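Data first, discussion second: the structure below is written as structure tokens.
The values are calculated or read from the model by the stated rules, or taken from the named source; none is laboratory data. A quick note: this is a predicted structure, and the numbers were derived from the prediction, not measured. We place every Cβ from the backbone using ideal geometry, glycine too, and count neighbours over all the protein chains shown. Keep in mind that these areas ignore ligands, DNA and RNA; they rest on the heavy atoms of the full protein, side chains included. Shrake-Rupley method; radii C 1.70, N 1.55, O 1.52, S 1.80 Å.
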Amino acid sequence: MSGGLAGAAALALPLLFALPVCNRIHTIVNVVTPAGIGDVNFISSAQAGPTPLTKSQSDALSAYNKAVDNFKSILRQRRAQIRANQQLPNLPGQALYLARNDMISAYKDLTTVLPSRIGRPNKFGIPPAYFDADNEPLLDEYVDLFAIMQAPPVNAQNSKTPLKDVVDLGTAIARAKGLDAAHAEVAGRISLGLFFAETNGNQNIGNARSNKYKGSFQTGPSEARNGETKWAAIRTSIAAFDPALIARDDKEEARVGGLDRRFNHWIAVRDALVNAHADLFPQIPAIVKALPDRIDQMKVFELIQIIPSPTKSALRSGTVVDYRLSDPKIMGYLRNNSIFTFGQDDRAKTSATFREILDAMWLFNDKFERALSKFDEIKGWKKG
């Protein structure tokens, strides 16, 4: 979880989506072993209808078919390499990620000039104008391959309660920063959303698109060190109201030994949250007032990961949703994180309000919805 504008990110999500590349690389995965998907031939390329196409429509259709074929080819190549136990290239997920993005972009360009191509909803929650639901198996294979390529190291130190750990740590850190119990609980919920955004809810994963960012919150080495220092500064205050959490922390510190601390789930989550988000937790009451939707609240904190300074400026403005960004560099960071990324029209945007940015973060919706569901389970609530 890169705290500045300098990382690669999100891996993004894989679809779960890419993964964002923020300034760090998010990686998102669903560990599902593919069953006989070696021949990714099951999706036919888009077919032109009986009505003659214009040149722009024909060109868009040709570009889309080419993008689909390229995505299939790279999927087959990675699957074959894994089955043959071949050495994978450096950053083996990057080519997959780019090919997937090209396919989504090409489809959006196609439906822009040929709206009749917009089809049924898909299980990933991608707007139908951006994705043909007939290609769902391709994204299933994409996710499966990332799960293999980003598997945790054999010596990773897992938690038996990884999701509850995130909520407990986020809540405790927020209380240490002065929030009342109700708003500290919101911080715990937002923390869980960030965990799903970073890793799709999987602990201790690697990163198939970055050699720098790893673990349950996809942190770099310097971020992990900064978090360790900041945790030490608030640890005593947390002990005063939650000694059980500090007792757990002592056990994890004793357990980690000489392991890369980012591969101990508890420590990775703790250090990441206190490094990048603790100082923003005091603004949660104002954020909740300005953005009552729980997913919007999570999106704001994800934006703090991607474009920290502009997001903080928007929060200080008093009119978050109307705050407009137009810096080309900032718009580039958004596009690198699957926001205004897909299709020529989206990529051509030179400015956007925060409301438009939040609405464009549709690749995060599924992850945040699942985080909310899990949070409600942890709290023993019944949805609705």
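What length, rounded to one decimal in nm, is gained on full extension from K349 through to T54, with 0.36 nm per residue of separation minus their alpha-carbon distance?
Values: separation 295, 0.36 × 295 = 106.20 nm, distance 2.55 nm.
Answer, rounded to one decimal: 103.7 nm.
Rounded to the nearest Hz, the phi-derived 3J(HN,Hα) couplings of the range 333-342 under the Karplus curve 6.51 cos²θ - 1.76 cosθ + 1.60 (θ = phi - 60°) are 4, 4, 4, 6, 10, 6, 10, 6, 9, 10, where x marks glycine and proline. Rounded to the nearest Hz, the phi-derived 3J(HN,Hα) couplings of the range 361-374 under the Karplus curve 6.51 cos²θ - 1.76 cosθ + 1.60 (θ = phi - 60°) are 8, 5, 5, 8, 4, 4, 5, 5, 4, 5, 5, 4, 4, 5, where x marks glycine and proline.
Placing pseudo-labels 7 Å out from each Cα toward the beta carbon at V321 and K160 gives an inter-label distance of 4.5 nm.
Here's the list of lysines a cross-link from K66 could span, going by alpha-carbon distance under 29 Å and ignoring same-chain residues fewer than 8 apart: K55, K108, K123, K349.
Were the residues from Q87 through A182 laid out at 0.36 nm apart, the gain over their Cα-Cα distance would be 29.2 nm.
Full extension of the segment from K66 to K312, taken as 0.36 nm per residue of separation minus the current Cα-Cα distance, would add 84.4 nm.
Comparing mean-square fluctuations of T54, T236, T341 from a GNM of the chain with C-alpha springs under 10 Å, the top value falls on T54. Of all aspartates and glutamates in the structure, those lying under 17 Å Cα to Cα from K160, and not within fewer than 8 positions of it along the same chain, are D168, D249, D250, E252, E253, E377.
Sequence-distant contacts, meaning Cα pairs under 8 Å at least 6 residues apart, place the relative contact order of the chain at 22 percent. Specify the residue with the greatest mean-square fluctuation among A352, A224, A174, computed from a Gaussian network of the chain linking alpha-carbon atoms under 10 Å apart. Maximum fluctuation in the GNM of the chain, among the listed residues, is at A352.
What are the residues whose amide H is under 5 Å from the amide H of S338, where those residues sit 5 or more places off or on another chain and H is modelled from the backbone? Long-range HN contacts for S338: V21.
Residues whose amide H lies under 5 Å from that of F131, counting only those 5 or more places away or on a different chain, are absent; hydrogens are built 1.01 Å from N in the peptide plane. For T219, enumerate residues with amide H under 5 Å from its amide H, sequence gap 5+ or separate chain, H modeled in the peptide plane. Close amide H contacts, sequence-distant or interchain: K214. Of all lysines in the structure, the ones whose alpha carbon falls short of 25 Å from that of K177, not counting any fewer than 8 places away in one chain, are K164, K230, K251, K289, K299, K312, K374, K379.
When Rg and Dmax of the Cα atoms in Å is calculated for this entry, the matching label among [x] 21.1, 74; [y] 19.8, 71; [z] 20.8, 68 is [x]. Each residue of the range 195-206 was assigned a 3J(HN,Hα) from its phi angle through the Karplus curve 6.51 cos²θ - 1.76 cosθ + 1.60 (θ = phi - 60°); the sequence is 4, 5, 5, 6, 9, 6, x, 9, 8, 6, 7, x Hz, with glycine and proline shown as x. T51 contributes an accessible area of around 100 Å² to the protein surface, as traced by a 1.4 Å probe with all chains present.
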